[in-house]
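What follows is a single structure, written as structure tokens, with notes after it.
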Amino acid sequence: MSFLKELWLFMRERKKFWLLPIILVMLLLGALLVLAQGSAIAPFIYTLF
């Protein structure tokens, strides 16, 4: 949680709020890959990358 707090303070102080959507999309894609790793849709997800 310390990392997230420092990241938020960095974005707030330096007015880098445009980083927030990029970070959220990367986290969502990472979660999708982890959760779908053992499922039947995994081959379809890996073809996206």
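The values are calculated or read from the model by the stated rules, or taken from the named source; none is laboratory data. The structure presented is a predicted model; accordingly, all values stated were derived computationally and were not measured. Positions of Cβ are backbone-derived with ideal geometry, glycine not excepted, and every protein chain shown enters the neighbour counts. We work out accessible area using only protein heavy atoms, side chains counted, and drop any ligands, DNA or RNA first. Shrake-Rupley method; radii C 1.70, N 1.55, O 1.52, S 1.80 Å.
So, in segment 11-27, of the ones that are among the charged types (D, E, K, R) and open to solvent by 90 Å² or more (accessible area, probe 1.4 Å), which residue ends up farthest from Leu48 (Cα to Cα)?
Only one residue fits best here, namely Glu13.
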- [ ] Check whether at least one residue in segment 35-46 is loosely packed, with under 10 Cβ neighbours inside 10 Å, assigned to a helix (DSSP H, G or I) and within 17 Å of the chain's Cα centre (by Cα), and report yes or no.
- [x] no
